[in-house]
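The values are calculated or read from the model by the stated rules, or taken from the named source; none is laboratory data. On a predicted model such as this, the values are computed, not experimentally measured, just so you know. Every residue, glycine as well, gets a Cβ built from its backbone with ideal geometry; the counts of neighbours run over all protein chains shown. Note: accessible area is taken over every heavy atom of the protein model, side chains too, but ligands, DNA and RNA are not part of it. Shrake-Rupley method; radii C 1.70, N 1.55, O 1.52, S 1.80 Å.
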Amino acid sequence: MGHRGSVPCDFNSNPKGFKVTVFIVGLILHLSSHFIVQVGASIHEYQSEPFSRRSNSLFFHGGSEGLYASRVRHIPSPQDKPFIGKSFIRFESITFQRTAESAEKQNEMQQRTGLVEAIIVRVKDRTKIGGSYLNSEAICCTPDLAKDGSCKVGEVIIHQEPDKLDGPVRIQTFFEGRNRETKMVLETIEINSTGMYYLYFMFCDPELVGTLISGRTVWKNPDGYLPGKMTPLMTFFGLMSLAYIVLGLLWFIRFVRYWKNVIQLHYHITAVIGLGMCEMALWYFEYANFNYTGSRPMGITVWAVSFSAVKKTFSRLLLLVVSMGYGVVRPTLGNITSKILLLGVSYFVASEALELVENLGNINDFSGKTRLFLVLPVALLDACFILWIFSSLSKTLEKLQIRRSIAKLELYRKFTNSLAISVLLSVAWIGYELYFNASDPLSGLWRSAWIIPAFWTCLAFILLVVICVLWDPSHNPTRYAYSEETGEDFEEEAISLTGGGIMAAGDLATKLERKERKVSIAADHHVFGLGEDLEEDKRE
């Protein structure tokens, strides 16, 4: 193909381009390592965290998760192990530390010299926090707002409806005398209503500015520690593991049965199936461990993330080399091998960085700016893959039409149609995902959020199944295998993925001459409409 196969995202092999790529890769790795913090997921850890100002209050976001209502109405004790059927938020070792200056200003004999409140509220009840129902933007009660007895000065305003017992929950902790520290009592709040819950630590006393919070809270659903929006994913990954096992078994049977006729492309497909099996199994066990313990050990998560990144990279490379006609219209990838590998390595690094930051940390601590910075490289590289794949498909189809390889042309038309449908579905789903996130900024639709990542996993599996069906091993591999007699482009084939050598000039001339004779004979039959069939029969 020479340089005719270049596309706008093609990677140049010059040193400057390579150095720029290495710099970008290094920057992504550095930033990902900076943002990754090993913390428990449903066990939210606080390590001397400061409060920030909002309106006339200071607050700290303690966590947010989707929680289902308890099936067993019993507050668990700290010694309970399974916690089967119970849903709760537990405060453990929560400590508030104020500044020395703030403590010195207090009366040593006074029992209560500062108040910090923990408030648990569902998304749909968020308007009950603050003075909005009192026509005020204040969060803390002021003397003017306290005149009618609707709130107490120095406390966060919470509107409780007398006939509803499932509104916001308030837990108060006081400083005593001149003590710099105070601890919350060990308390467990049972969850009896399904919803997306937010936890805030807040105080209204301006003298407590500079206060820090330490400790942890434990969040649990009736069936385990998995957050509600992630609970269906454990079942999903289990089912996908079975799907990959079935696909792998069917492929293995065909591979073994026709192992004498397999081509190099079949080994690439086998590798992608194997990676998919490992990826789904690792994610299932990672979620199962998370559900049982409430934390995500770095080892298991890194393995799952790494297999996921490797599998995504190999899947895209497989689509690319198939689109280029590797093993069908060309035996090697030639000089573009290094460019393909560079694109693959860049995608792996960018995908790995994004997955690590998304999965190593609290469920709710992934800031939008951080995610945007890491999503952009992945999106740009995906765009490069798509452009290169369709550009290569166009040239492959053109060559097959010129050579009148009817069987192979039909094969690639089916593959092109399948790929085009998948791209259209991807664009439509991206639009839906943007709409979903824009219309649900507070995660009120958390019970259906699992569908977003599940779609991409299913789409990748379906594309893999399509490739397995189109390029399945059989007793007649010539219907898609490369035939030397149809090879035309050798100027770029110095590098081969299979390690093949360079064809001698004499052999090349002989084969081209033989091809010309066959084309001349076939031309006579085209008058009667039989040329294409005869030509295809001779090849197969």
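For the stretch 155-186, a residue qualifies if it is basic (Lys, Arg) and either crowded, with 18+ Cβ neighbours inside 10 Å or part of a strand (DSSP E or B) (or both), and the qualifying residues are ARG170, LYS183.
Within the stretch 440-455, the set of residues being without any contact (Cβ under 8 Å) to a residue 12 or more places away in the chain and open to solvent by 40 Å² or more (accessible area, probe 1.4 Å) comprises PRO441, LEU445, SER448, ILE451. Among the conditions (1) more than 30 Å from THR457 (Cβ to Cβ); (2) out of contact with any Lys or Arg (no Cβ under 6 Å at 6 or more places or on another chain); (3) in contact (Cβ under 8 Å) with a residue 12 or more places away in the chain, the only one that PHE174 does not satisfy is (2). Go through the residues of the stretch 411-421 one by one and say whether even a single one is more than 21 Å from ILE452 (Cβ to Cβ), among the polar types (S, T, N, Q), open to solvent by less than 30 Å² (accessible area, probe 1.4 Å) and at pLDDT below 80. Checking the stretch 411-421: not a single residue is more than 21 Å from ILE452 (Cβ to Cβ), among the polar types (S, T, N, Q), open to solvent by less than 30 Å² (accessible area, probe 1.4 Å) and at pLDDT below 80.
Within the stretch 149-161, residues that are closer than 15 Å to CYS204 by Cβ reach partners that are open to solvent by 60 Å² or more (accessible area, probe 1.4 Å) and not hydroxyl-bearing (Ser, Thr, Tyr) with beta carbons closer than 9 Å, at six or more positions or on different chains, in the pairs CYS151/HIS159; VAL153/PRO143; GLU155/ARG170; GLU155/GLN172; VAL156/ARG170; ILE158/ARG170.
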